Amino acid sequence: MSIHGIVVAAGRGERFGAPKVEVLLRGVALWQRAVGALRGAGVEHVVVVGPVPGGIPGGDRRRDSVAAGLAALPGDAEWVLVHDAARPLASPALTRAVLDRLLRGDIDGVVPALAVRDPLKRVAGERVLATVPRAELVTVQTPQGFRVEALRQAHLGDDDDATDDAALVERNGGSVVFVPGEPINLKITFPEDVAVAEALLP
Ligand code: CTP
Ligand code: MG
């Protein structure tokens, strides 16, 4: 069984104010913690995309960085987990849950998902137009798992941007399912997120 990991760490960190690749959480870099979640679940081969020791160069958009990671996988890679370096709190148990669902072999992709907690509104300017029923909505996280061939095909399918990897697989006609995500698995997006993440560290 050929299982590989891709950790993307090549973003510009525009909302953070600087690339997040230098950020430490209690002395350990975000990307190292993200790699640890995959390794802790038994994923031995992990390629890091970004300016870190042993990393490979990323691209302009997140999907381009993932494409660089995919290109670096060996030809016989069967399964891949794609994880944001900016999610340092994802656990090996979550990674394992994604992987276990993926390895059942009946679908193309798996995402960790959480129910929406707050009311959702459709707005225009300051005007609230409507309340969006949230029963059918979830928010999703990484690591996301894929059949390598399905993710490769999805990348060939179009060149439009995407907020996550599953979006590419979905619009290429692939099948994606979800497993329960982790509330603690927040993404470091703004500078104030660092203090929250440090407080949440196990
Ligand atoms: N990422 C990447 N290559 C890109 C863009 C994003 O590898 N061209 C990675 C980031 O390093 C991060 C993850 O994708 O680990 C999620 O992206 P995000 O949190 O949006 O980080 P940035 O793109 O760096 O931040 P921003 O969007 O605020 O510029
Ligand atoms: Mg970004």
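The values are calculated or read from the model by the stated rules, or taken from the named source; none is laboratory data. A quick note: this is a predicted structure, and the numbers were derived from the prediction, not measured. Virtual Cβ from ideal backbone geometry, glycine too; neighbours counted across all protein chains shown. These accessible areas exclude ligands, DNA and RNA; they are computed on the full protein's heavy atoms, side chains included. Shrake-Rupley method; radii C 1.70, N 1.55, O 1.52, S 1.80 Å.
Where in the chain lies the longest segment free of GluC sites (Glu not before Pro) that are both loop residues by DSSP (not H, G, I, E, B) and have at most 13 other Cβ atoms within 10 Å? Mind dumping the intermediate values first?
Numbers: sites that count: 14, 44, 126, 136, 192.
That gives 45-125 as the longest site-free run.
Which residue fluctuates most in the GNM of the chain (Cα springs below 10 Å): 144, 153, 32?
153
Kindly report the accessible area of the range 26-112 per residue (heavy atoms of protein chains, probe 1.4 Å, no ligands, DNA or RNA), in Å².
On a per-residue basis, the range 26-112 sits at 40 Å².
Ignoring ligands, DNA and RNA, what percent of the 1.4 Å accessible area of the range 1-140 is carbon and sulfur?
Details: 3820 of 7300 Å².
Reported share for carbon and sulfur atoms: 52 percent.
With each label point set 7 Å from Cα along the Cα-Cβ vector, what nm distance links residue 22 and residue 199?
Once both label points are built, they end up 2.6 nm from each other.
Can you list, largest first and rounded to whole Å, the semi-axes you get for the range 92-132 by taking the square root of 5 times each eigenvalue of its Cα gyration tensor?
36, 12, 7
Which order do 16, 178 take by accessible area at a 1.4 Å probe, largest first?
The ranking, largest first, comes out as 178, 16.
If DNA, RNA and ligands are ignored and the probe is 1.4 Å, what is the ranking of 70, 156 by accessible area, most exposed first? Working shown, then result.
Details: 70 10, 156 140 Å².
So, going from the largest accessible area down, we get 156, 70.
Tell me the Rg and the Dmax, in Å, that the Cα atoms of the chain produce.
Reported Rg and Dmax, both Å: 16.8, 53.
Just add up the charged neighbours of residue 129: K/R +1, D/E -1, any other residue whose Cβ is under 13 Å from the Cβ of residue 129. Mind showing how you got there, number by number?
Working: positive: 121, 122, 127; negative: 126.
In short, +2.
Short version: what are the Cα gyration tensor semi-axes of the range 56-165, square root of 5 times each eigenvalue, largest first, in whole Å?
Values: eigenvalues 171, 68, 37 Å².
Ellipsoid half-lengths, sorted descending, are 29, 18, 14 Å.
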